[in-house]
Every structure is written in C-alpha cells, then in structure tokens.
Amino acid sequence: MKGTRYISRQELFRRWKAVRWEMEQAGVEALVAFGSPQLMARGLLRWLVDWPTPVFEEYLVMPLEGPVTLFVHDASEAEFARAYCAADEVKVIPALEYATAPCRSAAEFIKALGVRRAATAGRGMSAAFQASLSQTLGNIPLVSLAPQLERQLMVKSPEEIRLSEAAVKLNEEVFHYYLGLVKPGGREVDAVAEASRFALSSGAEELYWMSASGSVPGLALMAQARERAHVWQRGDCHCIILEHAAAGGHMGETTHLLSLGKPKEEYARAFAAVGEAQAAAASKIRPGARVGDVARASEEALKACGYDGMFSQGAPIGHGQGVDVWEIPCIAAGDETIVVAGMRFNLHPSVRLEDGAVITSCDCWVAEGDSARRLSTLPREIIEV
C-alpha cells in the first residue's frame, strides 16, 4: 500500500482494514468495487485507492489477503494509475472485452485466486458489468457489500473532515467570485462559464451547477439554463447551486438565493424561515441522537414560522456528502440512524409558496464530540445585488 497525493498511507490502511473486516463478517474472500461517471456513483474507487473515474466504468478487486488490483479502461489510464493511485497492481481491460464482457477480467482474476464466495459494492453498476461478472464467475456465489461500505463512508475520519472543510471552502470561494458577475444586463450562462474557469484554476476537480433566474425563485438544471440563456434584469431572483469537488475528490455544497434589487417581503420571510429550520435541525445533530430527529426539528421550525403545508412533510431535508455528492444518511423523519461523531450533514429544507416560488438554501455541518460544527459561512438572508 502506498500513500497518494491526497490520502495518507495511514488513512488508506484504516479504510482497507475496515473493508476487510466487513468482508470477513459477510464470509466473502474477494470484493469487486465499482465506480462510474455518475455523480452519486463515483466515490467508492476514490475512497479505496484514490482513483477518480470521470469517464469510464471501472473496478478493483480486493482479496481478504494480498494485493489490491485496479482494472482500468486503457493503457494511458493505467500509466497514470500506476504513478498516482494506491492500488498495488493495475491491469488494462482488453478493448474488445470492455465492449462485450467488461467484467470478465475481474471474474477470471477471482477464480484464479481460488475464491469460494465474492461480493460487489458500488452504486450505478451497469447491467452489462453485472451480467458479465455473474456469468463468468459461474458457481461462485456473489453477494452485495454495498450497504456495509456505505455505512463505512458515512462516518468521516479527521483526515476526511479536513477534505470536506476544504471542499466547502472552495465552493464558497467560487460562489463569492460568481456573485461579482451577477448584474443587470449580464447573461446567467456567461457568469457560470466564467466562474467555472475560476473554480478549475482554484483546484476544483469536478463541477456541478444548478442555476435558475426569473421573477419567481425556483430550481433548474444547467441544461435548462443554457436553453433559456437568461439576461438578468432588476427585480430578478436567482437561485444558484454549486456542488463542486475540491482537490482530493471530496465535495461541498453551496445553495443560495440572490435578488437583483430588494427582494419581495414574502421571499425574504420564507428564506429566513428556511434558515431557522436549518438551525433547529443542526441543534439536534449530536452523537446518540437519531437522524429522523434532525429532520423533524426542521419540519417543526417551518410549521412554527407559518409554513405548514408548504413543504413535503416526511421528505428528505438533506443528506450526507463526501466523495459522492449524495451519501447516507438520508435526512428524513423516521430515519433511525444513530448520529456519531464524524457524520456530515447537508441541510437544505425548502418551502413552496402560493405563487410557485421554491425557497431553499444549504448549510453544511459535521457532528463532533457532543454537538455539531457548521462548515458553511454564508448569511441566512437573501443576498441583494
């Protein structure tokens, strides 16, 4: 095992030890861990060997004992992986095999190890990969370790918390730069493009934006924003969401509402209520509490502010985050997950007003010894530009 540019050898040892413990408990002798380009399915390979998967679906094989072997798409990726990732060995999946039986190499490798029972983990595994693995393994039983490993990712080590802090800080730095580009007469998509350049020059690895502007606040994907090519004018409201990954692959989230001119009173009041709901939720983040209590506190705060019936009761008001944009816990009423120190919380409750306006923002927190610490620093008021 070797340390990498972003992850220490000691931290990798901790992770591998935890994974192999889960393997032993499940009675499996080899793990096939996947990663794919999806925002919510790329993190496991990053977590295990510090290997990003920005384009191709790739995987590694971790035996209970012995070298961890990464299987990549082509020779150029293999050269990079051998130099920078933590895998003990790197192999290239033959081009024809990748197209027709993409997991054959992993399955044959497992069979050669004499494995009697294997496991998979990782979100977003394609049907082609799953079928190829199962068919080539033949009679070797295959089980899922995904829930167990998601729980391992849920609780951050001190090193991972530092990476999360850096990610939230990066997102807010990009947000402040972007804020200087928002003005009447400017095009929304041009501001996103310029801020993206700034983000990449500041060390961002991955960029994810949502952007929506108009007289009524709302949410929209970037594809919609590009289609509209909105030109800002006085009186506009603008909801902007950044979930960029900083160096090392950890992600942060910044969601805020801007107003070009003085915001309407009903929007300002609703945004303040969302802030109160975040504060109420954060007050429940402490070791020993239940995640569902965090969500219920948010809902009760919105009701107390007069917004009963203006939010989806019982729906998630946030999620965990780390090397994937969305990780457990799913912060919803009824979730019995026990809070422990090291868990990350992205709190973004929302309300929908009678005119269709969606009012929301995001606060990032981390559970500590007996309470929680706020990672976000933005104000809990609409920002007027």
Any hit, segment 268-284, residues being aromatic (Phe, Trp, Tyr), touching a residue at least 40 places away in the same chain (Cβ under 8 Å) and over 30 Å from residue 235 (Cβ atoms)
no
Given (1) at pLDDT 95 or above; (2) more than 26 Å from residue 242 (Cα to Cα); (3) of a type in the set (Asp, Glu), identify the lone condition not met by residue 381.
(2)
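Can you tell me how many residues in segment 162-187 are touching a residue at least 12 places away in the same chain (Cβ under 8 Å), basic (Lys, Arg) and in a helix (DSSP H, G or I)?
Of all residues in segment 162-187, those touching a residue at least 12 places away in the same chain (Cβ under 8 Å) come to 163-175, 177-179, 181-187.
Pick out the ones that are also basic (Lys, Arg) and you get 169, 183, 187.
Filter once more, keeping what is in a helix (DSSP H, G or I): 169.
So the answer is 1.
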Test: residue in segment 364-385 that is in the same structural domain as residue 325 (by TED's automatic domain parsing), under 25 Å from residue 265 (Cβ atoms), surrounded by 23 or more Cβ atoms within 10 Å (Cβ to Cβ) and within 15 Å of the chain's Cα centre (by Cα):
no
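The rows are residues; the columns are (1) among the small types (Gly, Ala, Ser); (2) part of a loop (DSSP other than H, G, I, E, B); (3) touching a residue at least 40 places away in the same chain (Cβ under 8 Å); (4) farther than 23 Å from residue 6 by Cβ.
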{"position": "143", "(1), (2), (3), (4)": "no, no, yes, yes"}
{"position": "189", "(1), (2), (3), (4)": "no, no, yes, yes"}
{"position": "195", "(1), (2), (3), (4)": "yes, no, no, yes"}
{"position": "204", "(1), (2), (3), (4)": "yes, yes, yes, no"}
{"position": "212", "(1), (2), (3), (4)": "yes, no, no, yes"}
{"position": "224", "(1), (2), (3), (4)": "no, no, no, yes"}
Checking residue 55 against (1) under 23 Å from residue 126 (Cα atoms); (2) at pLDDT 95 or above, the condition it does not meet:
(2)
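Go over the candidates 218, 252, 203, 214 one by one and state the one that is surrounded by fewer than 22 Cβ atoms within 10 Å (Cβ to Cβ), small (Gly, Ala, Ser) and closer than 23 Å to residue 365 by Cα.
203
Can you name every one of the strands (runs of 3 or more DSSP E) wholly within segment 47-111 that holds 3 or more residues which are assigned by TED's automatic domain parsing to the domain that holds residue 31 and either of a type in the set (Val, Ile, Thr) or in contact with a Lys or Arg (Cβ under 6 Å, 6 or more places away or on another chain) (or both)?
Result: 69-72.
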Does segment 121-136 include one or more residues that are on the phi > 0 side of the Ramachandran plot and touching a Phe, Trp or Tyr at 6+ places or on another chain (Cβ under 6 Å)?
yes
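Within segment 124-141, can you find the residues that are outside any helix (DSSP H, G or I) and either of a type outside the set (Gly, Ala, Ser) or within 25 Å of the chain's Cα centre (by Cα) (or both)?
Our first condition is that a residue be outside any helix (DSSP H, G or I); within segment 124-141, this holds for 124-126, 138-141.
Within segment 124-141, 124, 125, 126, 139, 140, 141 meet the criteria.
The values are calculated or read from the model by the stated rules, or taken from the named source; none is laboratory data. None of these values were measured; they are calculated from a predicted model. Reconstructed Cβ throughout: ideal geometry from the backbone, glycine too, with neighbour counts over all protein chains shown.
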